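S.K.: Handing you this structure, nothing more for now.
The values are calculated or read from the model by the stated rules, or taken from the named source; none is laboratory data. For clarity, every value in this text was computed on a predicted model and none was experimentally measured. For neighbour counting, all protein chains shown are included, and Cβ atoms are generated from backbone atoms with ideal geometry for every residue, glycine included. Accessible surface is based on the protein model in full, side chains and every heavy atom, while ligands, DNA and RNA are left aside. Shrake-Rupley method; radii C 1.70, N 1.55, O 1.52, S 1.80 Å.
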Amino acid sequence: MVGPVMRSSLLRNSTVRQYAVAAAAQSCNAVPECKVLSNKVTVAAYDNNSPITQVSIVFRAGSRNETYDTQGTAHYLRLAAGLSTSSSSAFAVTRNIQQLGGNLIAVLERETIAYTLQITKDNLYNALPFLECAATKQVFKPWEVSDQLPRLKSELASLPETTLVLELLHKAAYRSGLGNSLFAPENQLGKIGSETLQHFVNTWCTAPRCAVVGTGISLTELTSLASSLDIGSADNANQPSKYHGGEIRKETASDLTNVAIAVEGVNLTSEKDALACAILQRATGSGPRVKWGTSGSPLSKEVSSVAGTEPFGLSTFNANYSDSGLFGVVLCSQPDIAGALAKTSFKWLKSMKLSDNDIARGKSILKTEVLDSGDTSLCLLECMQQQAVQTGKVNSPLSLAKDIDKITASDVKAVASKISKGKLSMAAVGNLKTVPHLDEL
């Protein structure tokens with residue numbers, strides 16, 4: 001059955017997603033095209049001659065736009081993708097896309113929600129009306145919304161602790177706004193109704209906050225779809241998310257301990273700083289680069305010396321948003337050594353000593369990831385989505401590669417020095433018997 005699909009985005013790298021558009025193998029000379037229409041909708045297309053066409057309608061609306069009383073609305077909205085609209089029933093949307101051999105995917109992030117149609121070129125124009133109605137003509141029938149409750153409970157029950165610890169970290173860091181979870185809190189189950197969903201859509205899913213993005217399709221064809229969208233014209237501004245810092249701990253019966261420690265990173269207003277922070281992440285340790293191998297990063301070496309022969313998982317993470325960001329370390333280990341690993345990671349985070357060779361390695365890794373992102377068609381589309389809806393433009397891979405090369409070691413060290421002085425945030429989930437509290441670090 002074809003319908004809305006959830007793909008967790010928490011551990012994907014935001015900088016690559018928001019700044020990388022790699023050339024596809026089918027058409028090496030193709031370049032992304034982008035423009036803003038008279039109705040304020042941004043259109044971006046990459047005509048790479050792919051036999052599979054992907055079209056997304058993306059809104060700059062996510063969990064950060066919820067209020068305290070409406071937490072969970074964005075989660076419900078994602079689950080409602082593919083339900084009845086003003087022109088088609090839920091059965092008609094599902095069956096028609098299925099009969100045409102297509103997929104309808106809804107992906108939610110803290111600042112965006114994207115509705116994506118994947119289909120062969122010859123069936124595109126028969127399926128586009130169902131994408132348009134699923135993204136812009138929802139009616140949120142009360143009985144259909146309430147029918148999603150078992151699915152919502154199932155998603156919450158199966159949420160991995162590695163995802164949960166990052167959700168709690170955002171809550172500790174921002175409290176509200178960017179601190180709102182991608183998943184509905186348990187106290188909100190069954191409380192989000194049709195009126196709340198419709199009000200959220202009418203307020204935040206408007207033309208100035210919308211982008212229509214496609215691969216395997218021309219800009220002219222996408223412009224025709226974007227210009228006909230029946231959506232509001234209001235341009236409501238996001239409430240700024242202030243970084244506070246803090247600590248949230250959740251004791252569970254798990255045999256493992258997950259800890260995330262972070263400071264405020266950089267936002268997307270400065271591409272230079274965002275790229276420098278992305279290089280910093282890879283230079284300091286974003287996981288092993290060889291299957292079954294170990295990382296040679298400075299952080300991994302320090303933590304390994306403390307862990308000894310005990311197994312552990314460790315990676316730095318870097319989340320960039322429109323007005324803030326998080327940079328830190330997430331680790332998973334046996335409870336007995338989790339406290340020692342957390343203390344070592346904290347000390348490194350507050351010093352971040354890097355050599356020029358580490359930074360050169362980080363630049364090479366980032367460039368490889370940027371270019372490699374084009375190997376997967378959906379990843380390529382997501383790159384364009386985030387750029388178009390957040391910045392109103394789409395960078396070419398050549399331009400991005402040149403920008404990465406322009407980042408010097410001193411630029412990376414300056415960013416590292418700045419963020420290392422920030423206030424700490426921490427989240428911990430699992431068996432926390434050895435994990436220190438924030439004021440003990």
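S.K.: Using C-alpha positions alone, give me the convex hull volume of region 317-364 per residue in cubic angstrom.
M.R.: 123 Å³
S.K.: Diagonalise the Cα gyration tensor of region 235-285 and give the resulting equivalent ellipsoid semi-axes, square root of 5 times each eigenvalue, largest first, whole Å.
M.R.: Rounded to whole Å, the semi-axes are 28, 20, 9.
S.K.: Shifting gears a bit: Could the peptides 74-87, 361-374 be put in order, highest first, of the mean number of other beta-carbon atoms found within 10 Å of their residues?
M.R.: Most protected by this proxy first, the peptides run 74-87, 361-374.
S.K.: Now, a different point. Hey, any idea what % of region 229-280's accessible area is carbon plus sulfur with a 1.4 Å probe?
M.R.: That share works out to 44 percent.
S.K.: Compute the Cα gyration tensor for region 163-215, then decide on rounded, prolate or oblate, letting a ≥ b ≥ c be the square roots of its eigenvalues: rounded whenever a/c is under 1.5, prolate when a/b is larger than b/c in the other cases, and oblate in all that remain.
M.R.: oblate
S.K.: Report the Cα-based extents of region 221-264 along its three principal axes, largest first, to the nearest Å.
M.R.: Sorted from largest, the Cα extents of region 221-264 read 54, 27, 16 Å.
S.K.: Can I ask one more? In Å, the Kirkwood hydrodynamic radius of region 382-441 over pairs of distinct alpha carbons?
M.R.: This gives a value of 15.8 Å.
S.K.: What translational diffusion coefficient, to the nearest whole µm²/s, does region 247-317 have by Stokes-Einstein, given a Kirkwood radius computed over alpha-carbon pairs, a temperature of 20 °C and 1.002 mPa s viscosity?
M.R.: Translational D for this selection: 148 µm²/s.
S.K.: Which order do the peptides 277-287, 333-343, 141-151, 106-116 come out in when sorted by mean C-beta neighbours inside 10 angstrom, highest first?
M.R.: Descending packing order for the listed peptides: 277-287, 106-116, 333-343, 141-151.
S.K.: Moving to a separate point now. Give the Rg (one decimal place) followed by the Dmax (whole number) of region 74-137, computed from C-alpha coordinates and expressed in Å.
M.R.: For region 74-137, the Cα radius of gyration and maximum Cα-Cα distance read 11.4, 34 Å.
S.K.: Per the 1.4 Å probe, what fraction of the accessible area of region 305-404, in percent, lies on carbon and sulfur atoms?
M.R.: That fraction is 52 percent.
S.K.: Give me the 1.4 Å probe accessible area per residue for the chain, excluding ligands and nucleic acids, in Å².
M.R.: 41 Å²
S.K.: Where Rh is the Kirkwood radius over the Cα pairs of region 338-441, the temperature 4 °C and the viscosity 1.567 mPa s, what D in µm²/s does Stokes-Einstein return?
M.R.: This corresponds to a translational diffusion coefficient of 76 µm²/s.
S.K.: Here is a follow-up. Which value in Å does the Kirkwood hydrodynamic radius of region 259-364 take, with 1/r averaged over all unlike C-alpha pairs and then inverted?
M.R.: It works out to 14.2 Å.
S.K.: Where does each of Lys406, Lys272 land when they are ordered by accessible area, with a 1.4 Å probe and the largest first?
M.R.: The ranking, largest first, comes out as Lys406, Lys272.
S.K.: Hey, another quick one. Taking only Cα atoms, what is the 0 to 90° angle, nearest 10, from helix 409-420's long axis to the longest principal axis of the chain?
M.R.: That helix lies at roughly 80 degrees to the long axis.
S.K.: Same structure again: Top mean-square fluctuation among Lys393, Lys171, Lys153, Gaussian network model of the chain, C-alpha springs under 10 Å?
M.R.: Looking only at Lys393, Lys171, Lys153, the largest GNM fluctuation is found for Lys153.
S.K.: Viscosity 1.306 mPa s, temperature 10 °C: give me the Stokes-Einstein translational D for region 194-324 in µm²/s, with Rh taken as the Kirkwood radius over C-alpha pairs.
M.R.: For the chosen part, D equals 80 µm²/s.
S.K.: Suppose we keep just the DSSP beta bridges with both residues in the chain; what percent of those would be antiparallel, to 5?
M.R.: 80 percent
S.K.: For a bin width of 20 Å, list the pair-distance distribution of the chain built from all Cα-Cα distances, rounded to whole %.
M.R.: For the chain, the binned pair fractions read 26, 56, 18, 0 percent.
S.K.: Give me the Kirkwood hydrodynamic radius of region 43-176 in Å, from all C-alpha pairs, to one decimal place?
M.R.: 16.4 Å
S.K.: Between Thr120 and Lys250, what is the label-to-label distance in nm when each label sits 7 Å out along the Cα-to-Cβ direction?
M.R.: Those two pseudo-labels are separated by 4.4 nm.
S.K.: Multiplying the sequence separation of Lys153 and Asp230 by 0.36 nm and subtracting their Cα-Cα distance, what value in nm do you get?
M.R.: So the chain would gain 24.4 nm between Lys153 and Asp230.
S.K.: Can you send over the carbon and sulfur percentage of the accessible area for region 142-227, probe radius 1.4 Å, protein chains only?
M.R.: 55 percent
S.K.: Right, something else. Which values, in whole Å and largest first, are the semi-axes of the equivalent ellipsoid of region 194-235 obtained as the square root of 5 times each eigenvalue of the Cα gyration tensor?
M.R.: Semi-axis lengths for region 194-235 are 25, 10, 8 Å.
S.K.: Given Lys40/Lys137; Lys40/Lys393; Lys171/Lys301, which pairs have Cα atoms separated by over 21 Å?
M.R.: Over 21 Å Cα-Cα: Lys171/Lys301.
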